[in-house]
There are 4 protein chains.
Amino acid sequence: MTFVFPQKILFRHCDPAGIVFYPRFFEMINDCVEAFFERELAFPFSEIHRDGAVPTAETSTTFLAPCRLGEELTIELQVTNLGRTSMGIALRAECGGETRFETKSTLVFVSEKGRPQPWPEQVRHKVDRFLNR
Amino acid sequence: MTFVFPQKILFRHCDPAGIVFYPRFFEMINDCVEAFFERELAFPFSEIHRDGAVPTAETSTTFLAPCRLGEELTIELQVTNLGRTSMGIALRAECGGETRFETKSTLVFVSEKGRPQPWPEQVRHKVDRFLNR
Amino acid sequence: MTFVFPQKILFRHCDPAGIVFYPRFFEMINDCVEAFFERELAFPFSEIHRDGAVPTAETSTTFLAPCRLGEELTIELQVTNLGRTSMGIALRAECGGETRFETKSTLVFVSEKGRPQPWPEQVRHKVDRFLNR
Amino acid sequence: MTFVFPQKILFRHCDPAGIVFYPRFFEMINDCVEAFFERELAFPFSEIHRDGAVPTAETSTTFLAPCRLGEELTIELQVTNLGRTSMGIALRAECGGETRFETKSTLVFVSEKGRPQPWPEQVRHKVDRFLNR
């Protein structure tokens, strides 16, 4: 299964060249991951951040085509790997049948002190159907 | 040679976990690249963006340790490759002798229409001493 | 009539104090205005910015209570004044029956050169029912 | 006395109209206030946020002229009022002898629980010479 996150390109995303300023793509990616955790894993960031966090340990992106103001992106998220304390994800953003960017990231579930800790069992369970190794 | 860019961790960079929200690192990286083009290549973004742009085509980052409010990072930039229309760069951010993140990116010099175009000769010339293949 | 814009408080909005970093409220306000122009005035920013803009000339905000990660704000927008080239708007954000902030802004419709220009007639017409002097 | 904060207009500040996107001005204002607290009041945000915060309660801005990529702003900050738990500030940003924006804000010093608390005596003392009622 794939988590699908629609993302309209807004004014605040765009730069003087009239296209998305690339750090804003990472804000969109974070919004997508945040929605995935809340809607699909029933583990919202507001709950996680009471005494933990889900920092990104690695991220790698290829930007294939620019995105313009007003375009409607679709971001698709799959889980590529589920470790004891980490999660590999792959995202692909497309618009009009064209891939705009592809990202692979590794997230880590950490305690308040920043130490990796095991994913809760119910989270592991819910991740399963998005897992596409 | 290495281009050195000091970057203090400011309030606007930090998240509820008290550490830098990772999309802000890409804003810092962009600021570093922008300063490098202006100060070392004499090719400021305000000039480039009259009829061109320098989009990032690929970027890959490993975050090794979190950064906290008030810390003073040093970001070092080297050029790893200079193509006809592209430039590979490597950045390393450190604080207190500890590497916090490492990034590799590929930039492309494009025309107003988004087509790759050759770097100006004087830019190629100035890049040379930062080139560390 | 009132334009209603739901806005969930996301991770990227929040600061080390665990509440919304106030410049992010202005991003939300801009998103709300952008949606109002597109959905209600049929004058999307992507069309406006082909050869014009809608800069904010004045803005004044009172923050009555902080907003926290995961809260669901409702932002209500009314038009308080419609000049030949300007528009006064009032926004109120509430959550759980409590007002969180109130803003008054003046927008100006300008040409590519930044000169004020008259609102298109069909925009004036559509604004009418949101006008609450 | 006036606290002077130089601010170059960077790529990340600018929008598709080629001018500063106004929420970025509030990031600049926050950077200026943060520098003022650290450099002049010896009360850095990293210390304040261990168990408190300095939220903005009110802010009001007039934008007089747009700012463009590459311009070098000078932001001047004065304290207009010092209450027991609040501080009124006035900022003016100029470039080339022209005022670009003027802001008045009220900050409040609060405890971890968000309750207003008195400014430390040494802070009151240091604020004095920036006080211009």
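The values are calculated or read from the model by the stated rules, or taken from the named source; none is laboratory data. Being a predicted model, the structure only gives us computed values, none of them experimental. When we count neighbours, we look across all protein chains shown, and the Cβ atoms used for this are built from the backbone with ideal geometry, even at glycine. When the accessible area is computed, the model is the full protein with side chains, heavy atoms only, and any ligands, DNA or RNA have been set aside. Shrake-Rupley method; radii C 1.70, N 1.55, O 1.52, S 1.80 Å.
A few points about this structure:
- Here the label points at A:ASN132 and C:ARG84, each 7 Å from Cα along the C-beta direction, are separated by 5.7 nm in the simple model.
- Loop-resident sites, the range C:1-105, for trypsin sites (Lys or Arg not before Pro), counting at most 15 other Cβ within 10 Å (DSSP): C:ARG50, C:ARG84
- With the label put 7 angstrom out from Cα along the Cα-to-Cβ vector, D:ARG50 ends up 2.7, 5.2, 5.8 nm from the copy partners, going from closest to farthest.
- Relative to the dominant Cα principal axis of chain D, helix D:22-39 is inclined by about 40°.
- 3J(HN,Hα) along the range C:102-110: 10, 9, 10, 9, 10, 9, 10, 8, 10 Hz, from the Karplus curve 6.51 cos²θ - 1.76 cosθ + 1.60 with θ = phi - 60°, whole Hz, x for Gly and Pro.
- In a simple Cβ point-charge model (Lys, Arg +1; Asp, Glu -1; nothing else charged), the range C:3-130 has a dipole of about 220 debye relative to its Cα centre.
- Chain C - percent of accessible surface contributed by carbon and sulfur, probe 1.4 Å: 45 percent
- For the protein assembly as shown, calculated [θ]222 nm from helices alone, where every DSSP H run of n ≥ 4 adds -39500 (n - 2.57): -6500 deg cm²/dmol
- Approximate spin-label separation C:ARG68-A:GLU112, in nm, with each point projected 7 Å along Cα-to-Cβ: 1.5 nm
- Cα centroids of the range D:1-70 and the range A:77-127: 34 Å apart.
- Association of chains C and A removes close to 1300 square angstrom of accessible area from solvent, both sides included, for a probe radius of 1.4 Å.
- Percent RCO, i.e. relative contact order, over the range C:3-130, from Cα pairs under 8 Å lying at least 6 residues apart: 28 percent
- Selected from A:PRO55, A:PRO66, A:LEU77, residue furthest toward positive end of dipole (chain A; charges at beta carbon): A:PRO55
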